[in-house]
1. Among all residue pairs at least 6 apart or on different chains, which show Cβ distances below 6 Å where the first residue, located in region 72-91, is in contact (Cβ under 8 Å) with a residue 40 or more places away in the chain and the second is surrounded by fewer than 13 Cβ atoms within 10 Å (Cβ to Cβ) and part of a strand (DSSP E or B)?
2. With the checklist (1) surrounded by 20 or more Cβ atoms within 10 Å (Cβ to Cβ); (2) of a type outside the set (A, V, I, L, M); (3) modelled with pLDDT of 95 or more in hand, flag the one item THR128 doesn't pass.
3. Would you be able to tell me the number of residues in region 39-69 that are of a type outside the set (Ser, Thr, Tyr), loosely packed, with under 14 Cβ neighbours inside 10 Å and not in a loop (DSSP other than H, G, I, E, B)?
4. As an exercise: evaluate GLU191 against (1) surrounded by 15 or more Cβ atoms within 10 Å (Cβ to Cβ); (2) under 21 Å from THR128 (Cβ atoms); (3) acidic (Asp, Glu) and give the number of the one condition it does not meet.
5. Would you say ALA48 is modelled with pLDDT under 90 and either among the basic types (Lys, Arg) or under 21 Å from the mean Cα position of the chain (by Cα) (or both)?
6. What number goes with the only condition from (1) within 20 Å of GLU51 (Cβ to Cβ); (2) part of a strand (DSSP E or B) that THR113 does not pass?
7. From THR140, THR149, which residue is surrounded by fewer than 16 Cβ atoms within 10 Å (Cβ to Cβ), within 16 Å of the chain's Cα centre (by Cα) and assigned to a strand (DSSP E or B)?
Amino acid sequence: MSKKMMLLALAVVSAAFFALPAMASAAELHYTEPEEFNISGSGGELRAEGEPTITCEGTGGTGKWESTTTGESTLDFTGCHTTVFGFTAKCKSETEKGADNTIASSGTFHLITISEKVPGILLTTKETVIVCAGISKITTTGSVIGTITSPECGTPNNQISLSFTASSAIQTHRTYTGKTYELLSRTGSGEEKKSALVGNATNKQTKAGTLDCT
């Protein structure tokens, strides 16, 4: 390789190397004035391929930020039930005592940019074992991507509204920085099936913060 060609190759490699951090940071999203918040919502659905849908009537919980883009949250889905062979069966967390139709979940969240100027959130849940009517058991793990429907980027607000949508048991948004994220459900037989979370929730804190989508 000639000296001129070698210098040109080094320049191309260097340009690509220094472009990587900019590409990664462009996919992230930041929220100013992060503080502890409360979560509320109207419940939703947990769908798994070939399994009865679990429906919950309400959502409540709390969360805290570890930085302007990541944090932890705990959620209680209340009034949860499913329909099996025409009968309605209550569903609950296997470890939840005294609440026969509440599913307790927790995990981490990461603010992301789904596409240009479209803010979103990536939730990674801890393993949750759900029991319906004391008979049917399903274990959920994995990650799920939702859309931030409000506020708009650059508009101060003390509330963040989230929407999780799906077609059947396939989440609407599954890809972030080239990687596919899935919510999985494992049945009593040990078979893992693709799953989806459908519902809306609102995070509310005292101070108004701003989504920085740049």
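The values are calculated or read from the model by the stated rules, or taken from the named source; none is laboratory data. Computed from a prediction, not measured in an experiment: that's the story for all the values here. Every residue, glycine among them, receives a Cβ derived from its backbone with ideal geometry; neighbour counts consider all protein chains shown.
1. HIS81/THR88
2. For THR128, the exception is condition (3).
3. 1
4. Looking at each condition in turn, GLU191 falls short on (1).
5. Spelling it out, it is not the case that ALA48 is modelled with pLDDT under 90 and either among the basic types (Lys, Arg) or under 21 Å from the mean Cα position of the chain (by Cα) (or both).
6. (1)
7. Exactly one of THR140, THR149 is surrounded by fewer than 16 Cβ atoms within 10 Å (Cβ to Cβ), within 16 Å of the chain's Cα centre (by Cα) and assigned to a strand (DSSP E or B), namely THR149.
Yes/no per residue for (1) at pLDDT 95 or above; (2) among the basic types (Lys, Arg); (3) touching a helix residue (DSSP H, G or I) at 6+ places or on another chain (Cβ under 7 Å); (4) part of a strand (DSSP E or B):
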| position | (1), (2), (3), (4) |
| --- | --- |
| GLN159 | yes, no, no, yes |
| LEU162 | yes, no, no, yes |
| GLY190 | no, no, no, no |
| LYS194 | no, yes, no, yes |
| GLY199 | yes, no, no, yes |
| THR202 | yes, no, no, yes |
| GLN205 | yes, no, no, yes |
